[in-house]
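K.L.:
Okay, here's the structure, questions in a sec.
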Amino acid sequence: MSRPSKAVIIGLDAPIAPRVYSYAKRGFLPNIYKLMKEGVYAINYLVTYPTVTPQSWTSIATGANIGTHGITGFRIHLPGRDLSELVSAFNTSLCQAEYLWDAVERGGGRAIIINWPCSWPPTIKRGYQLGGTGLSMNEWRTGKLLYEAKLSDGQLFTTLNLPYAIKVKLRPAKNWKNTPHFIRALEAELKPRYSACVRAGDAGVKLCTIKGPSPWWMLLLDLNGNGFKNVVLAWEKDLKKSFATLKPGEWSPVIVKEFDTAGGKKYGAFRCKLIELSPDGERLRLFVTPICSLKGYTYPPDLVKEIAKVNPMAIPSHIIYDGFGWGWYGRNTFIELMKMEHEWFADVAVYLMKTKSWNLLMMHMHAPDWLYHYAIPPEFMDPSLPTYIGPERAKTLEEIEIEAYRVIDEVIGRIVEVAGEDALIVVISDHGIKPKLYKLDISKPLIDAGLLVLKEDGNIDFSKSIAIPGREGPWIYINLKGKFRHGIVPPKKYEEVRERVINVLRDYTDPATGLKPIMLVMKKEDAKVLGLYGLRIGDIIYVSRPEYGSHHGQFPTAELGIGSLKGLLIMRGPGIKKGYVLKRIVRTVDIVPTICYLLNFPVPRNAEGGIIYQALEGFPHEEIEESYCGKEKIYEAGIVKEFSKVES
């Protein structure tokens, strides 16, 4: 069996695997389809439970179960602390397992790591790292807000009433220098609302480090009496000090500016687009991208100077998907912003692959997750659900979905081309996405049973509560004396209370739907079968039905309507079968051992998975007969029975 000389792992966050496979086969995603045709793709890749980002990407990077590596959620409860004290999972010091990149380095190799969640601060000594502090570049997840953009989040200046936008008031222009002859001129004093997280409101503004410049200035000129055709943006009321002149639909070039921050002067890069300008100036929308920091996100630290020359637009991109959902801009601008975000990934990956010595490249792109959460929720596209928005609008969302995946497909194509035929290519996801139907309020049955007590302000009354829902995972803590400062349950009552909680959750029926939201509940020692154990999880683990909760987080086998939480997995390269559909169950912890086997990398010390032999050349094909969706074949006593699934 031939073996690859290097490995490229490209992570996509929350794609719907069967839809991606289908779009690839239909010709929309030629680079992904080429990998599928020349390699193996899995239709039963079962990711970690819970199906959430930090846990899964850490299992992919270590080959270890959640209970072993200890990254239990976006936030982690550490033993010895009260339940109100959680820490952000985005810190490598919290991971209890060895990473693949460290094992490669231990074996004398070098890794390139780009935007891999929970990989900061760097643990490598000889490789190269960009980001890992959040889910996109220049995004930090400290636990204070949903995210913190560095240097600042994106902004919309507008005359319209739109969520989170900055309202612009136009007035007759006065005291401008170096203007041409005009018929009419209007100006606006733009007061940027520098923010670390726009959706956090004042809290985001408070945490932003940028203090200026402010204001910026906008000038609208009617040169011939035919109305306003463009805007001029300037730091002062002087056209010679303008930084952009834009017509509707135009983007500025990249603008690099020195900003005043709480830590002194720092350079940031951004772009502007004039989305809309009516001839009378009544309708105006100007979008300013996040201001991207030009330092602080690379290892070695000086690497950022090289990266800034390649492409300075390392965008903290959550706002791209928010903005589309808020109606800040339409489809074309949204896709342009996605291209801007993903061109950076391709540019820097290709640059590092060509200019550095490396054996392993690991890169994560979060776009599909935010696409489905904020821009095109899958429940809107599914005709089988009550949330369906109708065929015309659903068709538009599907077209946007395809366009978004095509942006990602182009990045994959560029990286694969540079990697060469001797590279092992792995395209993988942390989980999928499904429609969101009913809210899961795990507190309600506990409150109804008198196990959980809330104060008048809605916060938990720890002095009266017996069972407390985990804020960081799908589990319940028993408020045990001696374990927590606020504990009230005597140790001798521990098992009795656990049985009571389990029975309450099993018996609970949602009065609004008649459904039982909790389909599985168990003691923590029984959750070892799910890879959950250790001191960082609760005392009782539960699993909700696919209809309840968010777009993901449920069982990795969950499917609802057009959605599926099964993972996406494609492998191509020396030693991998060609054109093969892998039907066996693959688990997240199996990826690292398989890569190490093929490349003779040292196996990370805490890896717990097995080699995916059925994907490799020289090993027999499987006997399993089961397709991902559509018709399934069941073989019983030699008789083939076919039945159709309900398809939306």
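The values are calculated or read from the model by the stated rules, or taken from the named source; none is laboratory data. Since the structure is predicted, the reported quantities are computational estimates derived from the model, not experimental observations. Here Cβ is always computed from backbone atoms with ideal geometry, including for glycine, and neighbour counts include all displayed protein chains. For accessibility, only protein heavy atoms count, side chains too; no ligands or nucleic acids. Shrake-Rupley method; radii C 1.70, N 1.55, O 1.52, S 1.80 Å.
K.L.:
Restricting attention to segment 195-226, which residues are open to solvent by 60 Å² or more (accessible area, probe 1.4 Å) and assigned to a loop (DSSP other than H, G, I, E, B)? Quick ask: steps written out before the conclusion?
P.N.:
Looking only at segment 195-226, we keep the residues that are open to solvent by 60 Å² or more (accessible area, probe 1.4 Å), and these are 199, 202, 206, 211, 214, 223-224, 226.
Passing the criteria: S214, L223, N224, N226.
K.L.:
Between a first residue in segment 389-400 that is open to solvent by less than 20 Å² (accessible area, probe 1.4 Å) and a second residue that is of a type in the set (K, R), which pairs have beta carbons less than 6 Å apart while being 6 or more apart in sequence or on different chains?
P.N.:
From segment 389-400, the pairs are I400/R331.
K.L.:
Let me ask something else about it. In segment 75-114, which residue that is touching a Ser or Thr at 6+ places or on another chain (Cβ under 7 Å), part of a loop (DSSP other than H, G, I, E, B) and not aromatic (F, W, Y) is surrounded by the fewest Cβ atoms within 10 Å (Cβ to Cβ)?
P.N.:
That would be Q96.
K.L.:
While we're on this one: I'd like to verify a number: residues in segment 307-326 that are outside any loop (DSSP other than H, G, I, E, B) and open to solvent by 10 Å² or more (accessible area, probe 1.4 Å), how many?
P.N.:
Total meeting the criteria: 6.
K.L.:
Residue by residue through segment 528-538, note down the ones that are touching a residue at least 24 places away in the same chain (Cβ under 8 Å) and either touching a Gly at 6+ places or on another chain (Cβ under 7 Å) or farther than 19 Å from F74 by Cα (or both).
P.N.:
K528, G531, L532, Y533, G534, R536, I537, G538
K.L.:
Can you name the residue in segment 44-69 that is open to solvent by 10 Å² or more (accessible area, probe 1.4 Å) and in a strand (DSSP E or B) and, of all such residues, is farthest from T92 (Cα to Cα)?
P.N.:
N44
K.L.:
I need the full set of residues from segment 289-306 which are in contact with a strand residue (DSSP E or B) (Cβ under 8 Å, 6 or more places away or on another chain), surrounded by fewer than 23 Cβ atoms within 10 Å (Cβ to Cβ) and not in a loop (DSSP other than H, G, I, E, B), in order please. Walk me through it before giving the result.
P.N.:
Of segment 289-306, the ones in contact with a strand residue (DSSP E or B) (Cβ under 8 Å, 6 or more places away or on another chain) are 289-295, 297-300, 303-304.
Narrowing further to those that are surrounded by fewer than 23 Cβ atoms within 10 Å (Cβ to Cβ): 294-295, 298-300, 303-304.
Correct list: T298, Y299, L303, V304.
K.L.:
I'd like to check something: does segment 276-287 contain any residue that is of a type outside the set (G, A, S), in contact with a Leu (Cβ under 9 Å, 6 or more places away or on another chain) and not in a strand (DSSP E or B)?
P.N.:
yes
K.L.:
Got a sec? Which of K444, K464, K436 is basic (K, R), touching a helix residue (DSSP H, G or I) at 6+ places or on another chain (Cβ under 7 Å), open to solvent by 20 Å² or more (accessible area, probe 1.4 Å) and not in a strand (DSSP E or B)?
P.N.:
K436 is the lone residue from the list that is basic (K, R), touching a helix residue (DSSP H, G or I) at 6+ places or on another chain (Cβ under 7 Å), open to solvent by 20 Å² or more (accessible area, probe 1.4 Å) and not in a strand (DSSP E or B).
K.L.:
Suppose we filter segment 401-419 for residues that are surrounded by fewer than 20 Cβ atoms within 10 Å (Cβ to Cβ), touching a residue at least 12 places away in the same chain (Cβ under 8 Å) and farther than 26 Å from F324 by Cα; how many remain?
P.N.:
Total meeting the criteria: 3.
K.L.:
Right, next: Tell me which residues, restricted to segment 354-388, are outside any helix (DSSP H, G or I) and open to solvent by less than 10 Å² (accessible area, probe 1.4 Å).
P.N.:
L360, L361, M362, M363, H364, M365, H366, I376, D382
K.L.:
Another one. Just to be sure I understand, how many residues within segment 108-127 are farther than 17 Å from G63 by Cα and either in contact with a helix residue (DSSP H, G or I) (Cβ under 6 Å, 6 or more places away or on another chain) or not aromatic (F, W, Y) (or both)?
P.N.:
12
K.L.:
Please find, among K229, K265, the residue that is of a type in the set (K, R), modelled with pLDDT of 95 or more and in a strand (DSSP E or B).
P.N.:
Of the residues listed, the single one that is of a type in the set (K, R), modelled with pLDDT of 95 or more and in a strand (DSSP E or B) is K265.
K.L.:
Now for a different question. Considering only segment 534-549, state which residues are over 18 Å from G563 (Cα atoms) and of a type in the set (D, E, K, R).
P.N.:
R536, D539
K.L.:
Return yes or no: is I376 closer than 29 Å to Y147 by Cβ, of a type in the set (A, V, I, L, M), in contact with a helix residue (DSSP H, G or I) (Cβ under 7 Å, 6 or more places away or on another chain) and in contact (Cβ under 8 Å) with a residue 24 or more places away in the chain?
P.N.:
It is true that I376 is closer than 29 Å to Y147 by Cβ, of a type in the set (A, V, I, L, M), in contact with a helix residue (DSSP H, G or I) (Cβ under 7 Å, 6 or more places away or on another chain) and in contact (Cβ under 8 Å) with a residue 24 or more places away in the chain.
K.L.:
I would also like to ask the following. Any residue at all in segment 535-553 that's over 28 Å from the mean Cα position of the chain (by Cα) and either outside any helix (DSSP H, G or I) or not β-branched (V, I, T) (or both)?
P.N.:
First, pick out the residues of segment 535-553 that are over 28 Å from the mean Cα position of the chain (by Cα): 539.
Going one step further and asking which of them are either outside any helix (DSSP H, G or I) or not β-branched (V, I, T) (or both), we end up with 539.
Checking segment 535-553: at least one residue is over 28 Å from the mean Cα position of the chain (by Cα) and either outside any helix (DSSP H, G or I) or not β-branched (V, I, T) (or both).
K.L.:
Now for a separate question. So, in segment 484-507, of the ones that are in contact (Cβ under 8 Å) with a residue 24 or more places away in the chain and outside any helix (DSSP H, G or I), which residue ends up surrounded by the fewest Cβ atoms within 10 Å (Cβ to Cβ)?
P.N.:
Checked segment 484-507; the qualifying residue surrounded by the fewest Cβ atoms within 10 Å (Cβ to Cβ) is R485.
K.L.:
From the list E258, E276, which one is out of contact with any helix residue (DSSP H, G or I) (no Cβ under 6 Å at 6 or more places or on another chain) and either surrounded by 15 or more Cβ atoms within 10 Å (Cβ to Cβ) or touching a residue at least 12 places away in the same chain (Cβ under 8 Å) (or both)?
P.N.:
So the residue among E258, E276 that is out of contact with any helix residue (DSSP H, G or I) (no Cβ under 6 Å at 6 or more places or on another chain) and either surrounded by 15 or more Cβ atoms within 10 Å (Cβ to Cβ) or touching a residue at least 12 places away in the same chain (Cβ under 8 Å) (or both) is E276.
K.L.:
Select from segment 268-314 the residues that are of a type in the set (V, I, T) and either within 25 Å of T158 (Cβ to Cβ) or modelled with pLDDT under 95 (or both) and list them in ascending order.
P.N.:
I275, V288, T289, I291
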